[in-house]
1. Among DSSP beta bridges lying fully in chain B, give the percent that are antiparallel, nearest 5.
2. Based on the Kirkwood radius over alpha-carbon pairs, what value in µm²/s does the Stokes-Einstein equation return for the translational diffusion coefficient of chain A at 25 °C and 0.890 mPa s?
3. With θ set to phi - 60° and the Karplus curve 6.51 cos²θ - 1.76 cosθ + 1.60, what are the ³J(HN,Hα) couplings of segment A:17-34 in order, to the nearest whole Hz, using x for Gly and Pro?
4. Let me have the relative contact order for chain B, percent, based on Cα pairs under 8 Å that are six or more residues apart.
5. Need one word for the protein assembly as shown: rounded, prolate or oblate. Basis is the Cα gyration tensor (sqrt eigenvalues a ≥ b ≥ c); a/c below 1.5 gives rounded, then a/b vs b/c decides.
6. Filter the GluC sites (Glu not before Pro) in segment A:48-153 to those in DSSP coil with at most 14 other Cβ atoms within 10 Å of their Cβ, and list the result.
7. List, shortest first and in nm to one decimal, how far the label point of B:S45 (7 Å from Cα along Cα→Cβ) is from its counterparts in the other copies.
8. How large is the helix-only mean residue ellipticity at 222 nm for chain A, computed as the sum of -39500 (n - 2.57) over DSSP H runs with n ≥ 4, divided by its residue count, in deg cm²/dmol to the nearest 500?
Number of protein chains: 2
Amino acid sequence: MDCARNQSGEMKDKVKPIKLFWPTVPVAVDAIILHRGKIVLTKRSIKPYKGQFVFPGGFMVPGETSKKACIREAKEESGLDVKIIKLIGVFDDPHRDPRGHTLSVAYLCKSVGGKLKPQEGESSEVKLFSPKEIKKIKLGFDHEQIVKELELA
Amino acid sequence: MDCARNQSGEMKDKVKPIKLFWPTVPVAVDAIILHRGKIVLTKRSIKPYKGQFVFPGGFMVPGETSKKACIREAKEESGLDVKIIKLIGVFDDPHRDPRGHTLSVAYLCKSVGGKLKPQEGESSEVKLFSPKEIKKIKLGFDHEQIVKELELA
């Protein structure tokens, strides 16, 4: 999800985040979607990592869980309805995103409906890759770490 | 960690969080510490859940990872130096904290040094419980969910 979106600060379930007196690290989610025996990647058409493939994902909104955020972002960015299979891990290196520190919760998912299509504005392409093919691509953000973690599981 | 602390907005590693145009869900960490065959709980002396036992934990600071935050909070709240064993899970029900929505990353840890002592101001007691004893206590926040998740592992 791009920073230019959700500027309304949409609140799900009318729950507000806790108010702290210091800066907080925003939570993102990444969806590793199994679809027809392959994995979904989207090609970024905006900075950072413009032109590179990444897993569909975006920022969590107050009032939703990270699982719900993952299902929402998977739909928005790939067009697919997904079901969460399991938590892959938490990725939170301070330098994982050149725009600033974020923490990402990555979930393994499988498609249960919908139709593959890129999200206008943010990605130019949505494509299926085999696990073998993914290992050969230079992915954006720290998404190669997610691939490594997935192999260990 | 209480909201009244860290008001300086301390930045670790000089990395700032990404700037978003909508409210974000702060990240907390919870440390489930194995110490001499038992598990460490602290008794809260402040709201919310005043008088109830909880796992040591607190909020992540921009520039540190959740693992580093967990090690820092374990030391601050229990007096123990800990080593992370594994990720237990992500706990992010919007109602898990009555003060507002937070997401917590819970890690199983083991003590490697230090000395048990309560944190002044925030907890009145730091105590060891067997896993069996913990199941009988009404814990603060959603920490009973963490216990359940730990049993499944």
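What follows draws every value from the coordinates through simple rules; no lab data is involved. Nothing here was measured: the structure is a model prediction, and the numbers come from that model. Reconstructed Cβ throughout: ideal geometry from the backbone, glycine too, with neighbour counts over all protein chains shown.
1. Numbers: 23 of 31 bridges.
Percentage antiparallel, nearest 5: 75.
2. Values: Rh = 15.7 Å.
D = 157 µm²/s.
3. Working through the residues one at a time gives x, 4, 8, 10, 9, 9, x, 10, 8, x, 9, 10, 10, 10, 10, 9, 9, 8 Hz.
4. Numbers: 312 pairs, mean separation 44.2, N = 153.
Over chain B, the number comes to 29 percent.
5. Details: a/c = 1.99, a/b = 1.73, b/c = 1.15.
Prolate.
6. On the way: sites: A:E64, A:E73, A:E76, A:E77, A:E120, A:E122, A:E125, A:E133, A:E144, A:E149, A:E151; in loops: A:E64, A:E120, A:E122.
Loop-located and lightly packed - A:E120.
7. Ordered by distance, the counterparts are at 5.8 nm.
8. Details: 3 runs with 27 residues, N = 153.
So the helix-based figure for chain A works out to -5000 deg cm²/dmol.
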